[in-house]
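The values are calculated or read from the model by the stated rules, or taken from the named source; none is laboratory data. Note that the structure is predicted; figures quoted are calculated from it, not measured. Here the Cβ is made from the backbone with ideal geometry for all residues, glycine too, and neighbour counts use every protein chain on show. These accessible areas exclude ligands, DNA and RNA; they are computed on the full protein's heavy atoms, side chains included. Shrake-Rupley method; radii C 1.70, N 1.55, O 1.52, S 1.80 Å.
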Amino acid sequence: MDKPPGGNAFPTQLLYERIGGYWLTQVIGAAARLGIADLLAQGPRSSDALAAELGVSADGLYRLLRGGIPAGIFQEVGERTFALTPMGEGLRSDVPGSLRDMAIAQSDRAHWLPWGQLTEAVRTGKSPVRAALGTDIWEHFARHPEEAAHFARAMGNLSALVAHELTQQVDFSSFAHVADIGGSQGALLAQVLRANPSCRGILFDLPHVLDGARALMEAQGLTGRVELVGGSFFEPGLPSAEAYLLKHILHDWDEDSSLAILRHIHAAAPSGARLFVLELVMPDNQTPSPVPLLDLNMLVLVDGRERTAHEFQSLLARTSWELVRISPTQGGTCIIEAVKR
């Protein structure tokens, strides 16, 4: 019997599917690397034709496409002929909100190998990333620019989703300068500036990260309105601005490091400056949420953590920022607004 009476799966069957969940991650990641969704964008194709165009094994590609059916990204519409599902459309590189780079980044070694040592992370309470990669994840990305590029673009795609809601909820037009601290390629800052033509922007990140930002700013027509500033937010001397953005930065760091970041921004900010921290907020244990799994991701990769609203309030208070409000967004990220008095 495959299912108990009533048609629901047995608990052990569901558990088996969860155990094999990492297979789906790699199926989706391989499909993203090969760019299959872009090739299927115009309609169904045979696996043999796709294999010839990609220069890969016809048998191997057919099996991958067939494996993409339970992954939810492909459907077989004829003999050895496949089409994209609505979910699979999200792997195209040319659609708004594309998750192609996210699929590649999450299935690549920078994420994959450390997660293989989750048990050790739980035993020690420390990230196993050095044992898995030989260095911390940021140095790993510095040494492997292709992986870093996929990760940066994946974060940029997430930034675009967050930016839409941020600009809907916050009027930046009264700020002369908006500084995005640790802003990577500047996707979030670009959308804020497009929505507020009177503002000028400052994009602050490590110098090698900013190399990928110049082309994006030029493509957006924002080169004349954005100053790129290289440096570390762990060192004093951050740029001065009337508003600061800090998106998905604090969850990468432990308490002492997070306090240092907030203090350095506070020291650089003029009186009355606003700080907008964009982070997930850990719900209570009674509320179903993916945030606890993302919290484990922070433990595994960077010795970071997701935090509760109370924990964010404590970090801000200890660094002389005054919490104004915490506003949820439809995408799950919260806008945590604070002011320097």
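Things worth noting here:
- Only a single item in (1) modelled with pLDDT of 95 or more; (2) farther than 21 Å from GLN169 by Cβ is not met by ALA215, and it is number (1).
To keep it simple, each residue is scored yes or no on (1) closer than 15 Å to HIS248 by Cβ; (2) open to solvent by 20 Å² or more (accessible area, probe 1.4 Å).
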| position | (1), (2) |
| --- | --- |
| PRO128 | no, no |
| THR135 | no, no |
| TRP138 | yes, yes |
| ALA142 | no, yes |
| PRO145 | no, yes |
| ALA149 | no, yes |
| ALA152 | yes, no |
| SER174 | no, yes |
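- Some residue of segment 176-186 being open to solvent by less than 60 Å² (accessible area, probe 1.4 Å) and in a helix (DSSP H, G or I): no
- Yes/no for GLN75 being assigned to a strand (DSSP E or B), at negative phi, open to solvent by 30 Å² or more (accessible area, probe 1.4 Å) and of a type in the set (S, T, N, Q): yes
- Single unsatisfied condition, ILE69 versus (1) aliphatic (A, V, I, L, M); (2) open to solvent by less than 40 Å² (accessible area, probe 1.4 Å); (3) out of contact with any helix residue (DSSP H, G or I) (no Cβ under 9 Å at 6 or more places or on another chain): (2)
- Helices (runs of 4 or more DSSP H) completely within segment 245-341 that count 2 or more residues being charged (D, E, K, R) and surrounded by 14 or more Cβ atoms within 10 Å (Cβ to Cβ): 255-268
- Scanning segment 205-214 for residues that are open to solvent by 10 Å² or more (accessible area, probe 1.4 Å) and in contact (Cβ under 8 Å) with a residue 12 or more places away in the chain returns ASP205, LEU206, PRO207, HIS208, VAL209, GLY212, ARG214.
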